[in-house]
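S.K.: Take a look at the following structure, please.
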């Protein structure tokens, strides 16, 4: 890189043209009063009566990027530098500048050389030229055999001159060296003012460079130590340097590093920018106060220089969002743990103990990484051998996990099932970073023991109160034994609000059936022969009274009954498309079997029948009863922990969500 840089400096070669920056955090504009705005031509259109639109100004503009310090932190800082290179290539600027402290340094040549090669190997991945600035980490020698000038000869051999200048598109670039030290003692440091002076040789170079660039629109200066912060460098000869820059008349900005946080200080028409870090040590994780990994993006026009700061990693490539990528992500989003072992039984005293086997299949073309956490929510007394299991599932593969759980007898009342929280990430083969997906929560399958015969004899009339996705009742797929053909789904409903499109009772996802609630208007949907057939009402349901809804399919017609009166009817027939998702009372299942689009209000007396129960006008029963066609009957009056009970012949025990409650009602 050093040889290439010298050749570029000697031949005045310039890098290619750019693309502009995105997502700026701060903008600083330096106007040029002498510049005159150019009148732009109108945009071409065949719409002659429209308001005129002008084309953008044809300014001669270029952009470049500046990196902050890389050193002083942990070795992982190189990963941040690598990400900065990826980000920069996406921005596609003309060139990249640095402000020093490129390598960890403070060593002998034996340690310095591999660090230099490591840094250059990363920086040489840039698609444009990059230009070094020497910092104290790059120069200071620590150890035996210190040569005169410390690592200055190593630096100039492998990186380039300690000070130099070049021009690009009518802009002058000047790189200065702030660690010459004390020539009498050859000591280098940044606390003793005698070691923070700029030599006459370098001052003479600066005069020559400023004179060479006197006809340029702008001159920009780069140095490691921000000596303009006088309280840090008291006694240095920077005031003399500043006077030279001001006298030149076209020096617009100076850029420094070293302090590892953003700092801005304008003076006498020159803007002094100090960068934070690009992989270096950060004193505190306070990005809003300027303590962050970032890079500066500079846009240079004839009449102004604009500076913005972008956090490292904030950029991404829009070309990756292909149809294939979205298809793969959709498959990854369907990944969820599935319990393959039988449900554990909870005794009447609340004791549970047994092994659980979970299987996680990855149907996507990329790897799925994840963390599986046992979450007992507010259910006290649980213990498990599973503890934050981390794993990666290769493409088209699966993982099986076995662990033991136990709940002691006499623990607090069971109010929610324990669950697994799966935090997945999708990693495509050609992606540098993972796509974080939404957490998936899977309850552990637990079933109550046989209840005494008199358990349901005395009861208070209650209803399910739903106000969030977590307050729905889940009926597992294997508990919904509804054959193809005629069916009826019905319930008593009292909404608390009428806005939105919500699910009252649903088992959909381009399949099955549901009672929905569209801005207060009920509808019955059933998926027949490849599409939904919908019977939709015409009036909003009241929030002050109970309404009985019944969705009926008789094999030829889809009907919706409201309070026993037919509100809608659609001719339809065909096979019902099924799925293996749960039936939710109060919500709709998503692809990962999680509740979504929840209803808001009260739901009571839910019945699912494998028959067209209603054909004509009828008087709805306050309390529904089971017959031979009943596949699910939920009175929603009593529960044991999270379990509510099906009073059909299958006597299933669906589960309430962690936020669900049964409250006393009168109908």
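S.K.: How many residues are at pLDDT below 95 and more than 29 Å from the chain's Cα centre (by Cα) if we restrict to region 357-379?
M.R.: Count: 1.
S.K.: Can you spot a residue in region 105-116 that is out of contact with any strand residue (DSSP E or B) (no Cβ under 7 Å at 6 or more places or on another chain), under 28 Å from residue 220 (Cα atoms) and not in a strand (DSSP E or B)?
M.R.: Taking every residue of region 105-116 in turn, at least one turns out to be out of contact with any strand residue (DSSP E or B) (no Cβ under 7 Å at 6 or more places or on another chain), under 28 Å from residue 220 (Cα atoms) and not in a strand (DSSP E or B).
S.K.: Would you confirm whether any residue within region 431-443 is at pLDDT 85 or above, farther than 18 Å from residue 590 by Cα and crowded, with 16+ Cβ neighbours inside 10 Å?
M.R.: Yes - at least one qualifying residue is present in region 431-443.
S.K.: Condition (residue is at negative phi and part of a strand (DSSP E or B)) applied to region 314-324: is it met by at least one residue?
M.R.: no
S.K.: Got a sec? Which strands (runs of 3 or more DSSP E) wholly within region 122-178 have at least 1 residues that are over 23 Å from residue 85 (Cβ atoms)?
M.R.: 164-167, 171-175
S.K.: Of (1) assigned to a loop (DSSP other than H, G, I, E, B); (2) over 24 Å from residue 417 (Cβ atoms), residue 533 satisfies all except one. Which?
M.R.: Failing condition for residue 533: (1).
S.K.: Do the conditions hold for residue 92, that is, is it surrounded by 22 or more Cβ atoms within 10 Å (Cβ to Cβ) and assigned by TED's automatic domain parsing to the domain that holds residue 261?
M.R.: Considered against the rule, which asks whether it is surrounded by 22 or more Cβ atoms within 10 Å (Cβ to Cβ) and assigned by TED's automatic domain parsing to the domain that holds residue 261, residue 92 comes out as no.
S.K.: So which pairs qualify, if the first residue must be in region 47-60 and without any contact (Cβ under 8 Å) to a residue 12 or more places away in the chain, the second must be outside any loop (DSSP other than H, G, I, E, B), the Cβ gap must be under 6 Å, and the two must be at least 6 apart or on different chains?
M.R.: Listed pairs, sorted by first residue: 52/42.
S.K.: Right, next: Would you pick out the residues in region 179-206 that are closer than 17 Å to residue 224 by Cβ, assigned to a helix (DSSP H, G or I) and touching a strand residue (DSSP E or B) at 6+ places or on another chain (Cβ under 6 Å)?
M.R.: 195
S.K.: Mind checking which pairs have a first residue in region 500-514 that is touching a residue at least 24 places away in the same chain (Cβ under 8 Å) and in the same structural domain as residue 594 (by TED's automatic domain parsing) and a second that is surrounded by fewer than 22 Cβ atoms within 10 Å (Cβ to Cβ) and not in a loop (DSSP other than H, G, I, E, B), Cβ under 6 Å, 6 or more apart or different chains?
M.R.: That search, which allows pairs on different chains as well, returns 501/518; 514/525.
S.K.: Which residue pairs have Cβ atoms closer than 6 Å, lie 6 or more positions apart in sequence or on different chains, and pair a first residue in region 203-220 that is assigned by TED's automatic domain parsing to the domain that holds residue 239 and closer than 19 Å to residue 269 by Cα with a second residue that is outside any helix (DSSP H, G or I) and at pLDDT below 95?
M.R.: Pairs found: 216/170; 217/170; 217/302.
S.K.: Could you please let me know if residue 526 is without any contact (Cβ under 8 Å) to a residue 60 or more places away in the chain, assigned by TED's automatic domain parsing to the domain that holds residue 635, surrounded by 17 or more Cβ atoms within 10 Å (Cβ to Cβ) and in a strand (DSSP E or B)?
M.R.: yes
S.K.: Another question, if that's okay. For region 326-352, what are the residues that are surrounded by 15 or more Cβ atoms within 10 Å (Cβ to Cβ), in contact (Cβ under 8 Å) with a residue 40 or more places away in the chain and more than 17 Å from residue 477 (Cβ to Cβ)?
M.R.: Within region 326-352, 328, 329, 332, 333, 335, 344, 346, 350, 351, 352 meet the criteria.
S.K.: Considering only strands (runs of 3 or more DSSP E) fully contained in region 355-399, which possess at least 1 residues that are in contact (Cβ under 8 Å) with a residue 24 or more places away in the chain, farther than 27 Å from residue 324 by Cβ and in contact with a strand residue (DSSP E or B) (Cβ under 7 Å, 6 or more places away or on another chain)?
M.R.: 367-375, 382-384
S.K.: Please state which one of 179, 101 is surrounded by 21 or more Cβ atoms within 10 Å (Cβ to Cβ), in contact with a helix residue (DSSP H, G or I) (Cβ under 9 Å, 6 or more places away or on another chain) and more than 28 Å from residue 211 (Cβ to Cβ).
M.R.: 101
S.K.: Please go through region 644-667 and give me each residue that is surrounded by fewer than 20 Cβ atoms within 10 Å (Cβ to Cβ), under 36 Å from the mean Cα position of the chain (by Cα) and not in a loop (DSSP other than H, G, I, E, B), ordered by number.
M.R.: 661
S.K.: Is there any pair linking a residue in region 74-93 that is part of a loop (DSSP other than H, G, I, E, B) to one that is buried (at least 16 other Cβ atoms within 10 Å of the Cβ) and at pLDDT below 95, with Cβ under 7 Å and at least six apart or on different chains, and which?
M.R.: Here the result reads 92/18; 93/18, each pair linking region 74-93 to a residue that is buried (at least 16 other Cβ atoms within 10 Å of the Cβ) and at pLDDT below 95.
S.K.: Does residue 575 meet the test of being under 19 Å from residue 524 (Cα atoms) and assigned by TED's automatic domain parsing to the domain that holds residue 542?
M.R.: yes
S.K.: Now, a different point. Taking region 487-515 only, how many residues are part of a strand (DSSP E or B) and either more than 32 Å from the chain's Cα centre (by Cα) or crowded, with 24+ Cβ neighbours inside 10 Å (or both)?
M.R.: The total comes to 17.
S.K.: Please go through (1) over 47 Å from the mean Cα position of the chain (by Cα); (2) not in a loop (DSSP other than H, G, I, E, B) for residue 245 and return the number of the only condition it doesn't satisfy.
M.R.: In the conditions (1) over 47 Å from the mean Cα position of the chain (by Cα); (2) not in a loop (DSSP other than H, G, I, E, B), residue 245 misses (1) alone.
S.K.: Filtering region 272-293 down to residues that are over 22 Å from the mean Cα position of the chain (by Cα) and in a strand (DSSP E or B), which residue is nearest to residue 84 (Cα to Cα)?
M.R.: 277
S.K.: Continuing with this model, one more query. Here is a check on your reading of the model: is residue 520 exposed (fewer than 15 other Cβ atoms within 10 Å of the Cβ) and farther than 30 Å from residue 342 by Cα?
M.R.: no
S.K.: If you go through region 554-608 one residue at a time, how many are in a strand (DSSP E or B), more than 30 Å from residue 338 (Cβ to Cβ) and either in contact (Cβ under 8 Å) with a residue 60 or more places away in the chain or in contact with a strand residue (DSSP E or B) (Cβ under 8 Å, 6 or more places away or on another chain) (or both)?
M.R.: Number satisfying all stated conditions: 16.
S.K.: Only one of 607, 575 is more than 22 Å from residue 500 (Cα to Cα) and crowded, with 22+ Cβ neighbours inside 10 Å; which?
M.R.: 607
S.K.: Is it the case that region 408-421 has a residue that's surrounded by fewer than 18 Cβ atoms within 10 Å (Cβ to Cβ) and at pLDDT 90 or above?
M.R.: Yes, region 408-421 contains at least one residue that is surrounded by fewer than 18 Cβ atoms within 10 Å (Cβ to Cβ) and at pLDDT 90 or above.
The values are calculated or read from the model by the stated rules, or taken from the named source; none is laboratory data. Predicted model, so just to flag it, every value in this text is computed and none were measured. Cβ coordinates were reconstructed from backbone atoms using ideal geometry, including for glycine residues, and neighbour counts include every protein chain displayed.
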